[in-house]
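Here is the structure we will look at, set down as C-alpha cells.
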Amino acid sequence: MSTPAPAEIGMPLDEVDTPALLLDLDVFERNMDKLAKATAASGIRLRPHAKTHKCPSIARAQIARGAVGVCCQKVGEAEAMVAGGVQDVYVSNEIVGRSKLERLAALAKQATISLAVDNADNVAQIEAAAAKFDARINVYVEIAAGMRRCGVDPGPEAVALARAVKAAPHLHFAGLQAYHGSAQHIRGFDDRRKAIDVAAEAAVTTRDLLRQASIDCPLITGAGTGTFRFEMGSGIWGELQCGSYVFMDADYGRNLDQGGKPGGEFEHSLFVWATVMSRPVRERAVLDVGLKGVATDCGMPLLDGVANVTYERASDDHGVLKVGDTNHPLAVGDKIKLIPGHCDPTVNLYDWYVGIRNNRVEALWPITARGMLR
Ligand SMILES: Cc1ncc(COP(=O)(O)O)c(C=O)c1O
C-alpha cells in the first residue's frame, strides 16, 4: 500500500503538494555520472548501496552507468530491487533466521544473490536454506574494519569462516566485506584517510592468511561516500558500495576536503518540499514538515537558499523555524526546500520521489523498498 503521489507529471514545482521528496534531476544525474566515471577510470567495480534510495528506478539508472548491481541491507529491500528489474543484489549484512534466509534462497533462483556472514552457525543456516531451494548464494566473510559493528576479527577466525563457506555445497566464497562505516563522517580529510589505513591493514592481513591457507579471495568489497577515494586508490578493494553520493545530505556536507573546505565532491540533489503553515510572531515560522517528514538523527535540516532562517526543532508534524531577520518576508503559504540532515532515513518516510527539471515535474518514482524492516 502506498500513499498517492503528491504531484503529476508536467506540473510546475510550485503546485507540488507538501510534504514531498524532491529530486533535482540535473544534480542527481551529475552525481551519478561523476562516481561512474571515477570508478571506470580506476578499473574498480561500483555496487551502489540501495539502502540510500530504496528505489529500483534509481538502481537501474546506476546500472545503466556501469554499476554491477546494488547492495541492500534487508531481505525485503533485495526483494523490491529484484521485482524492479535488478538482477544482481548483495545483501551487505548478516541475515539470521530461517524465514528470512528461505526468502533470500527463493530470490537466488531469480537473480544473483550475495550476503555477508560473521558466524559459523549462520553459515550452516544459509546452506540449509540454499539447499532447500537448490539455490546458489555468494557469501562474503565480514571482518571488523574499525567501526565496531558486525564482523569477525581480521585473522584466523575469518579464515575458519571462509573454510566453512567453501565446504558448504550451495555456497560460494566470494571474498571479504571490509566496510568502515564510522570513518565516513570523520570530518578531517587526514583523519578519514588514517581510519581507512586501519581498515586496509585488517583486509590485507586477512587476505594474506587466506592465501597461506590456499583459499583464494576473489574480492574485497566496502567503502562509502566519505572515504571511497582512499579505498579506490589502495589497490586492496575491488568494489565500492557508496550510497549517499547520489543525494549528498547536510551531514555529508560537513565533511572537509583536503584543503579543509566543507562540501565534498557531490552536490545536494535531494530536498524535502515544505509549506509555511504559520508565522505567529515575526521571529518564528512553522513548517508542515516535522519528524514524520524529515530525519533529525544527524542534525536539523538546512534551508535551501533562505538566509537568516534556521530549522530549530521538530515535533511530529511541525518544524519550527527561527527567523533571524524579523523583517524577513517569509509568509504563510510560502514553499521552501529543506536539505535533510540524513538522506537514508528521510527517504524511508516517503512513497514517491518527485523528479524536478527546469522547475517542472518530470518523473514520479515509487520508493518500493521503503519501510522494509525484514
Ligand atoms: C555496509 C554498507 N556499505 C555501504 C554503505 C554506504 O555508505 P554511504 O551512504 O555513506 O555512502 C553503508 C551505509 O551505511 C553500509 O552500511
Measuring from a point 7 Å past the Cα of K292 along Cα-to-C-beta, which residues in segment 342-358 have an amide N at less than 20 Å?
345-354
Inter-probe distance in nm under a simple model that places probes 7 Å from Cα toward Cβ, at K132 and R187:
5.0 nm
Choose one answer from P218, P154, P301: the residue with the largest mean-square fluctuation in a GNM of the chain with alpha-carbon springs under 10 Å.
P218
Binned at 10 Å from zero, the C-alpha pair distances of segment 1-72 give percents of 16, 41, 28, 13, 2
What do you get for Rg/Rh over segment 278-336 if you use C-alpha atoms and the Kirkwood form of Rh?
0.93
Charge sum, other residues only, whose C-beta stays under 13 Å from D26's C-beta, Lys/Arg counted +1 and Asp/Glu -1
-1
Nothing charged except the Cβ atoms of Lys and Arg (+1) and of Asp and Glu (-1): what's the magnitude of the dipole of segment 184-251 about its Cα centre? Round to the nearest 20 debye.
100 debye
Highest GNM mean-square fluctuation, the chain, Cα pairs closer than 10 Å: which of A274, A59, A128?
A128
With the cut-off at 30 Å, tell me which of the pairs K34/K54; K100/K166; K37/K335; K51/K194; K37/K74 have Cα atoms farther apart than that.
K37/K335
Kirkwood Rh and Cα Rg combined as Rg over Rh, evaluated for segment 114-166
1.00
Using the alpha-carbon centroid of each, what span in Å lies between segment 324-374 and segment 105-142?
37 Å
H172 long-range amide H proximity, modeled H, under 5 Å:
I137, N138, V139
Say R0 is 22 Å: what FRET efficiency, to the nearest 0.05, do D334 and R60 get from their beta-carbon distance?
0.05
Cα centroid separation, segment 7-67 to segment 214-268 (Å)
17 Å
Say R0 is 30 Å: what FRET efficiency, to the nearest 0.05, do A120 and Q87 get from their beta-carbon distance?
0.50
Convex hull volume per residue in cubic angstrom - Cα atoms of segment 1-147
154 Å³
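What does the helix-only formula give at 222 nm for the chain: each DSSP H stretch with n ≥ 4 adding -39500 (n - 2.57), the total divided by the residues, and the result rounded to the nearest 500 deg cm²/dmol?
Helices in the chain give a 222 nm mean residue ellipticity of -9000 deg cm²/dmol.
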Against the longest principal axis of the chain, how steep is helix 25-42, in degrees 0 to 90 to the nearest 10, with axes from Cα atoms?
30 degrees
A student applying the Cα gyration tensor rule (rounded when a/c is under 1.5; otherwise prolate if a/b is larger than b/c, oblate if not) would label segment 165-311 prolate
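How large is Rg over Rh for the chain, taking Rg from the Cα atoms and Rh as the Kirkwood inverse mean of 1/r across Cα pairs? Provide the component values of the computation, followed by the final result.
On the way: Rg = 21.9 Å, Rh = 21.7 Å.
Reported Rg/Rh (Cα atoms, Kirkwood Rh): 1.01.
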Compute a Gaussian network model of the chain, connecting alpha carbons closer than 10 Å, and tell me which residue from S57, S114, S42 fluctuates the most.
S42
For K292, net neighbour charge (Lys/Arg +1, Asp/Glu -1) across residues whose Cβ lies under 9 Å away
-2
Sequence ranges 327-339, 343-355, ranked by mean other-Cβ count within 10 angstrom, highest first:
343-355, 327-339
Span per principal axis, largest first, for the Cα atoms of segment 308-362 (Å):
35, 28, 17
Among beta bridges assigned by DSSP with both residues in the chain, the antiparallel ones amount in percent, to the nearest 5, to 50 percent
Any idea what angle helix 120-132 forms with the longest principal axis of the chain, computed on alpha-carbon atoms, 0 to 90 degrees, nearest 10?
90 degrees
Check: the chain dipole with +1 on Lys, Arg Cβ and -1 on Asp, Glu Cβ, in debye:
480 debye
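Taking 56 Å as R0, compute the FRET efficiency from the Cβ-Cβ separation of V96 and T326 and round it to 0.05. Could you put the intermediate results ahead of the total?
Details: r = 55 Å, r/R0 = 0.99.
The computed FRET efficiency comes out at 0.50.
Quick note: the coordinates plus some simple rules give every number you see, no bench work behind them. Given the structure is predicted, the values throughout are model-derived calculations rather than measurements. Virtual Cβ from ideal backbone geometry, glycine too; neighbours counted across all protein chains shown.
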